[in-house]
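Nothing in this text is a laboratory measurement; each read-out follows from the coordinates by a stated rule. Because the structure is predicted, anything quoted here is derived from the model rather than measured. Positions of Cβ are generated from backbone atoms using ideal geometry, with glycine treated the same way; all protein chains shown enter the neighbour counts.
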Amino acid sequence: MRTEDDIRAALRTLERAAPDAHDVLASLDGRPRPVSRWRVPVAAVAAMTIAFAGVPLIKAISGGGGTAPEGAPGGRWTYSFTIAPPVGWKVYNQHIDKNSQSVSLFGPPYRQCIVTSFGKGTFGADRLVAGREPMTVNGHPGFVGSVRGVELRGDKGLGQPSYLRPTGPVVVWEYAPDLWRLSYCIGSPGDRSRQLADGILMARAVRDVPRAVRTPYKVGYLPDGWRTRTFGEPGAGSVDASQSAALLTILPPGSKDMLRIPTAPMEYQHINISFRDTPGFQPTGRRVTINGLPAWLSRDAKPGTRGGHTPSTWSGVFIKGNGFWISIEAVAADPSFTTELVRIAQHLTLAPNPLDVSTWFDGNSAIP
Amino acid sequence: MTFDDWAITRLDPLLRFATVLCGSGSLAEDVVQDVLIKALGRWDTIQAADRPDSYLRRMVVNEYLSWRRKWSRIVPQLEVEVHVRDHGADPAIEVVDRDQIIAELAKLPRRQRAVLVLRYYCGYSDAEIVDLMGCSPSTVRSYASRALAALRVELTPAPESSSSEGASHAY
């Protein structure tokens with residue numbers, strides 16, 4: 001049952017889709033004003049230049065082939081950077097993908113910023129259009145701009161919610177030849193100056209110090225042709241009790257990626273492996289034992305159609321450890337896909353103490 | 001306050017309100033644009049009002065409620081459709097459920113939706129909503145009750161001490 005607070009939260013989420021005031025005002029240009037001239041104080045012009053008008057548009061960021069992120073000498077599952085959160089800010093989620101690496105940070109009150117590092121060829125100056133404002137970030141050349149209509153990977157496994165997309169000012173900088181990073185903050189159009197200030201703050205908190213992802217499980221089996229695509233971590237040292245951590249997404253043969261909202265049936269199919277230390281979690285389904293641990297097998301009674309795509313079946317294997325759960329869930333066209341999930345479960349190796357992050361595996365040896 | 005002075009500081013909040021009301025940024029842009037065109041023609045009256053923001057907010061509500069022809073062609077769409085199931089406190093599910101609420105809000109009749117937005121987004125009392133929408137208190141309560149039932153919302157019991165205050169709601 002929902003509460004009134006759920007309604008308030010949903011409405012607050014909606015407001016983030018508000019259009020630019022600049023666009024609305026531009027539509028009124030040329031109309032007679034009740035005052036003699038359209039006049040705006042100089043200071044306001046300067047502020048609005050930053051807020052709406054004088055900022056460039058970055059046409060697109062995602063998509064295309066691209067190579068794995070560089071600047072990550074430790075391997076594919078190594079972040080090319082670390083970020084020291086400014087006072088009052090906390091790393092909420094970290095995410096590594098084929099083409100990008102992102103860190104989400106939360107700060108008071110209800111502020112969220114995302115720093116993304118792109119792989120070579122997936123983002124560059126050619127994505128910028130005229131009007132950008134030059135700046136430097138830790139000695140590297142960059143720009144203040146804005147991004148529209150862009151699809152960036154969020155910190156969830158099923159595409160990025162629209163309210164996490166960069167709709168306000170962004171900071172982009174070239175930290176090495178043909179390697180770019182992006183920093184932006186979420187907020188309503190009225191908070192643009194704060195979004196920009198926060199975005200610059202986060203950009204300057206980035207350090208070129210590589211760091212391998214950490215995972216509480218080692219993956220020893222994948223279905224034929226399926227391949228790992230993304231991995232998300234909680235903030236360092238904060239396996240939140242309510243948070244699904246160490247989320248590994250695996251995609252089927254022929255699938256391009258999950259950066260965008262699914263547009264084809266194949267792109268919707270996926271497997272998610274995740275770790276959670278939620279004691280109250282209790283799955284339903286058939287009780288089995290996997291590698292000596294209690295587990296539950298669950299799946300939809302019949303295929304469903306999601307987003308108008310080809311009918312597919314959700315299935316899951318939930319393994320219960322001492323104070324934690326490992327979930328292996330899939331949406332796949334094959335209704336008997338649960339058997340593949342069981343194989344994945346049987347070939348998982350758990351860290352010595354999954355509740356202690358310091359015992360987790362280096363992702364480069366644990367994730368194929 | 002000139003229209004330009006107002007627009008610099010107050011247009012953003014009005015656009016956010018309109019977006020929540022309409023459920024779509026693009027529709028909100030159209031609605032606010034139409035409202036501002038009208039407002040330009042009677043700015044002397046608006047700026048003389050006690051609360052110009054309230055006046056314009058009322059205009060937005062009226063524009064939204066009366067915009068039958070255009071509205072009928074615009075149906076807000078969820079960008080991601082997923083099944084919601086009980087997975088405990090997984091934040092991804094919370095996000096999905098929030099999207100689900102937004103989708104269900106979009107399906108509500110416009111007057112019901114407007115009442116919810118005025119109550120839960122703007123924090124208006126029922127009396128203020130009555131004044132803004134120009135309908136009776138029982139009608140406002142009825143709209144709210146039906147909308148909350150459609151959204152399967154469990155009401156938070158009102159504190160006893162607040163029963164006589166204007167901001168409390170009689171469900």
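Tabulated data
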item: At R0 = 35 Å, FRET efficiency that the Cβ-Cβ distance of B:SER26 and A:ALA176 yields, to 0.05; result: 0.35
item: Partner chain coverage, peptide B:121-133 - average Cβ within 10 angstrom; result: 1
item: For peptides A:334-347, B:16-29, sequence by mean Cβ density within 10 Å, most packed first; result: B:16-29, A:334-347
item: Projected label distance in nm at B:ASP131 and A:ASN291, using a 7 Å step from Cα toward the beta-carbon; result: 6.5
item: Nitroxide proxy distance, nm - points 7 Å out along Cα→Cβ at A:ARG8 and B:SER142; result: 2.9
item: Listed residues B:ILE101, B:TYR120, B:CYS135: farthest to the positive end of the dipole of the range B:91-155 (Cβ charges); result: B:CYS135
item: Shielding score for B:2-9, defined as the mean number of other chain Cβ atoms within 10 Å; result: 6
item: Cα→Cβ-extended label distance, 7 Å offset, between A:TYR221 and A:ASP208, nm; result: 4.4
item: Highest-first arrangement of A:352-359, A:78-85, A:206-213, where packing means the average Cβ count within 10 Å; result: A:78-85, A:206-213, A:352-359
item: Cα-Cα over 22 Å, subset of A:LYS218/A:LYS320; A:LYS90/A:LYS120; A:LYS98/A:LYS120; result: A:LYS90/A:LYS120
item: Number of partner chain Cβ atoms within 10 Å, mean per residue of A:168-175; result: 0
item: Net lengthening on full extension, A:HIS22/A:MET1 (0.36 nm per residue, minus Cα-Cα); result: 3.6 nm
item: Long-range HN-HN contacts of A:TYR92 with modeled amide H, under 5 Å; result: A:SER104, A:LEU105, A:PHE106
